[in-house]
Amino acid sequence: MYLACKKKYIQFAKLLLSMIVTISSTAAFAQNVTSPYSIFGVGDIETKDFGRYFGMGSTSIALRNGAAFNFSNPASLTALDPKVMNFDFIMRGRVSNFLVPGRDTVTSPSKDFAIRRISLAYKPEKRWAFAFGLRPYSTVNYMLNDSAKLADNTSILSKSVDGNGGLNQVFLSNGFALNKNFSVGLTTSVLFGTLQTNTTYTSSGIGLDVTRNEYDALHALMFTGGLQYAGKLSKHITQQLGFTISNAAKLTGQWSTEYVTSDSTITTEVNAAKHITLPVQIGVGYALVFNDNLTLSADYTSYNWKYQKVNYPSSYIDKAFRFSAGAEYSFKGKAGLQTVEKYYLQAGFSYEQSYIHVNNNPLADYSYSIGFGNRVTNGFGYRISNGGLSYNLGFEFGKKGSTSNNQIRESYTQFVIGLSFKAFWFNSAKYGKYN
């Protein structure tokens with residue numbers, strides 16, 4: 001029995017790895033979304049988690065689940081099923097179009113399909129669990145074009161600004177159960193990446209073709225602490241509270257500029273003193289769980305950015321916040337003597353006031369979402385609740401910016417495909433640790 005299950009496990013692991021490599025290759029060449037607001041600061045910061053709770057408006061600070069790794073709060077790790085590997089591979093697609101103030105037509109759709117998180121979570125002890133992985137922290141991807149007549153009134157000077165890059169986040173999370181109600185956790189993250197801006201000036205009338213390339217290579221160490229409480233209000237109702245806080249991490253690194261013409265490249269400046277301070281981030285969440293089926297949850301997160309002017313008229317960086325609420329209904333059934341989750345349905349919404357202010361008004365982002373999840377296979381012959389392969393699908397529809405505030409309005413649709421693979425750690429099942 002054990003050898004047969006092990007053979008199934010190896011075969012399925014090979015299939016899963018092959019599928020991930022194929023999808024990763026596709027995703028790597030499918031990123032072409034242009035976001036004009038990523039020109040500010042460190043780009044578009046990912047304030048949403050694309051895991052299980054995406055369909056709830058990413059409302060997850062207070063949530064705990066034995067079958068799912070919750071990245072938003074490291075204290076939730078203690079809820080994981082013990083001795084079970086949880087491997088998550090999450091992809092996100094996005095389709096956007098833009099409406100410029102004063103115009104009646106929107107731009108043609110811009111599309112993106114990319115990996116949003118790879119992680120492994122594991123609970124080796126009753127009171128301790130950990131997770132590690134990789135995810136994007138911010139993304140820069142924009143293109144702006146402008147032109148003007150020169151003094152001779154005959155020659156045209158064209159200017160094209162192309163930005164790309166972003167910051168990645170490698171993280172290690174640890175969660176510890178203090179008692180049956182309280183858990184704490186800490187996520188240690190290394191942020192790293194390059195923000196690149198390429199500005200090209202061309203004019204056929206005067207024979208000009210010069211490109212200025214600017215590179216910001218940045219890195220930082222960030223810590224996020226978490227706390228969760230879960231306790232019974234009554235026989236059928238559980239309340240859960242969550243709290244998270246992140247330090248004001250300082251991004252440091254090197255900034256350089258080079259000028260490129262058709263026949264030469266000149267590096268003109270290197271500055272090793274470049275730094276950007278990220279905000280102190282505080283989040284609180286509250287959830288009610290009814291009969292272990294229906295979950296209602298709400299989150300509020302503040303981002304204490306320091307006021308900072310940027311090199312664009314009437315634009316600056318300032319404090320930001322995000323509010324979200326969501327609901328989930330989990331359908332459960334019996335597998336032998338165990339109760340397992342068969343599938344779940346979700347709905348949620350969120351409102352975010354970005355750290356970017358344009359034309360002296362905050363950049364607002366409204367969205368609503370739905371989600372669905374299901375278990376595809378079992379635990380490969382082992383008695384493991386919620387084991388094998390499961391998937392989650394999520395869809396989000398939103399708008400960012402307002403033409404009434406003289407801002408470019410982005411209308412977007414996002415979809416998430418998440419794969420979660422679970423199996424006992426090596427020979428945990430073989431030696432009868434789960435009876």
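Every read-out reported here was derived from the displayed coordinates using simple, explicitly stated rules and does not represent laboratory data. In this text the structure is predicted, and so the values were computed from the model without any measurement. Here Cβ is always computed from backbone atoms with ideal geometry, including for glycine, and neighbour counts include all displayed protein chains.
Among 158-169, 64-75, 309-320, sorting by the average number of other beta carbon atoms lying within 10 angstrom of each residue, highest first, gives 64-75, 158-169, 309-320. Computed packing ranks the peptides 214-227, 347-360 as 347-360, 214-227, most packed first, by mean other Cβ atoms within 10 Å. Efficiency by 1/(1 + (r/R0)^6): what FRET value for residue 159 and residue 120, r their Cβ-Cβ distance, R0 = 45 Å, to the nearest 0.05? Plugging the Cβ-Cβ distance into 1/(1 + (r/R0)^6) gives 0.45.
Rounded to 0.05, the FRET efficiency of the residue 347 and residue 257 pair, given R0 = 45 Å and the Cβ-Cβ distance, is 0.40. Within the straight-line cut-off of under 18 Å between alpha carbons, the aspartates and glutamates reachable from residue 332 are 81, 292, 341, sequence neighbours fewer than 8 places apart in one chain being disregarded. Rounded to whole Å, the principal axis extents of the Cα atoms in the stretch 153-253 read 81, 30, 17, largest first.
Fully extending the segment from residue 144 to residue 296 would add 50.5 nm, taking 0.36 nm per residue of separation and subtracting the current Cα-Cα distance.
Summing Cβ point charges (Lys, Arg +1; Asp, Glu -1) relative to the Cα centre of the stretch 2-424 gives a dipole of roughly 2140 debye.
Gain on full extension, evaluated as 0.36 nm per residue between residue 399 and residue 308 minus their Cα-Cα distance, stands at 30.3 nm. In the stretch 82-134, taking the dipole from charged Cβ atoms about the Cα centre, the farthest positive-side position among 89, 110, 99 is held by 89.
Our analysis of the stretch 2-424 gives Rg over Rh at 1.02, with the two radii drawn from alpha carbon positions and Rh computed by the Kirkwood formula.
Peptides 408-419, 119-130 ordered by packing proxy, namely the average of other Cβ atoms within 10 Å per residue, highest first: 408-419, 119-130.
Measuring from a point 7 Å past the Cα of residue 209 along Cα-to-C-beta, which residues in the stretch 230-266 have an amide N at less than 16 Å? It comes to 260-265, nothing else.
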